[in-house]
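Undergrad: For reference, the structure I am asking about is given below.
Derivation of every value follows stated rules applied to the coordinates shown; laboratory data play no part. Just so it is clear, the model here is predicted, and its values are computed rather than measured. Cβ sites come from the backbone with ideal geometry, for glycine too, and all protein chains shown count toward neighbours.
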Amino acid sequence: MRQVTVTRNTLETRITVTLNLDGSGQSKFDTGVPFLDHMLDQIARHGLFDLEIAASGDLHIDAHHTVEDIGITLGQAFAKALGDKKGVRRYGHAYVALDEALSRVVVDLSGRPGLVHEVEYKREKIGQFDTELFGEFFRGFVNHAAVTLHIDNLRGDNAHHQAETVFKAFGRALRMAVEFDERMAGMMPSTKGTLAG
């Protein structure tokens, strides 16, 4: 079972992530940031990951530390659950549409952190959520999961739709990348012989 629990405590946040890469899309979130919970649910549901996240942060200041640190801890959980990455597909990609919005996400479990995040949200806030924090979430994730991630919102007029297509595509791209490929059984999907950076 590729199942892990990771806890990260700082003076700003206390976060626990439980992740099962081979789950069925079950999720439970208590982060104090409702719109982020909605987006995290997209990752679990479309990635078919079982995912639980509990977070307590300095929300009396703003949501920045909580959102960023959840990205960091989720990245740590993915890295730990993946182990040596032998036999996985390594690459994943997805296009997702929601009404007028369309997003593309491509991921490489490369062992090297890299983020291209090309999303121009039509609003600075979705409800009480600052859309600029999505970049902090994904940056925290890639730096600690050690993956290369390209996110492009190709079109969209509604910021909620833009965000939802991004997170659904992210979940589906991750699902493809972490799946085992029977033809790669026991093999490292790299000519270098490692995906450790």
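Undergrad: Look through the range 10-24, keep the residues that are among the polar types (S, T, N, Q) and farther than 13 Å from Leu74 by Cα, and return whichever of them is surrounded by the most Cβ atoms within 10 Å (Cβ to Cβ).
TA: Thr13
Undergrad: Here is a further query. Out of all the residues in the range 132-146, which are surrounded by fewer than 19 Cβ atoms within 10 Å (Cβ to Cβ) and either of a type in the set (Ser, Thr, Tyr) or closer than 24 Å to Lys85 by Cβ (or both)?
TA: Answer for the range 132-146, where residues must be surrounded by fewer than 19 Cβ atoms within 10 Å (Cβ to Cβ) and either of a type in the set (Ser, Thr, Tyr) or closer than 24 Å to Lys85 by Cβ (or both): Arg139, Asn143.
Undergrad: For the range 28-54, name all the residues that are touching a Lys or Arg at 6+ places or on another chain (Cβ under 7 Å) and not hydrophobic (A, V, I, L, M, F, W, C).
TA: Scanning the range 28-54 gives Gln42, His46, Gly47, Glu52.
Undergrad: Any idea which residue in the range 99-131 is nearest to Ala63 (Cα to Cα), counting only those that are buried (at least 17 other Cβ atoms within 10 Å of the Cβ) and aliphatic (A, V, I, L, M)?
TA: Of everything passing the filter in the range 99-131, Ile126 is nearest to Ala63 (Cα to Cα).
Undergrad: Could you look through the range 147-177, keep only residues that are surrounded by fewer than 21 Cβ atoms within 10 Å (Cβ to Cβ) and either touching a Pro at 6+ places or on another chain (Cβ under 9 Å) or charged (D, E, K, R) (or both), and pick out the one that is farthest from Lys86 (Cα to Cα)?
TA: Applying the filter and picking the extreme gives Asp157.
Undergrad: Within the range 73-80, is even one residue surrounded by fewer than 21 Cβ atoms within 10 Å (Cβ to Cβ) and over 19 Å from Leu149 (Cα atoms)?
TA: No, that holds for no residue.
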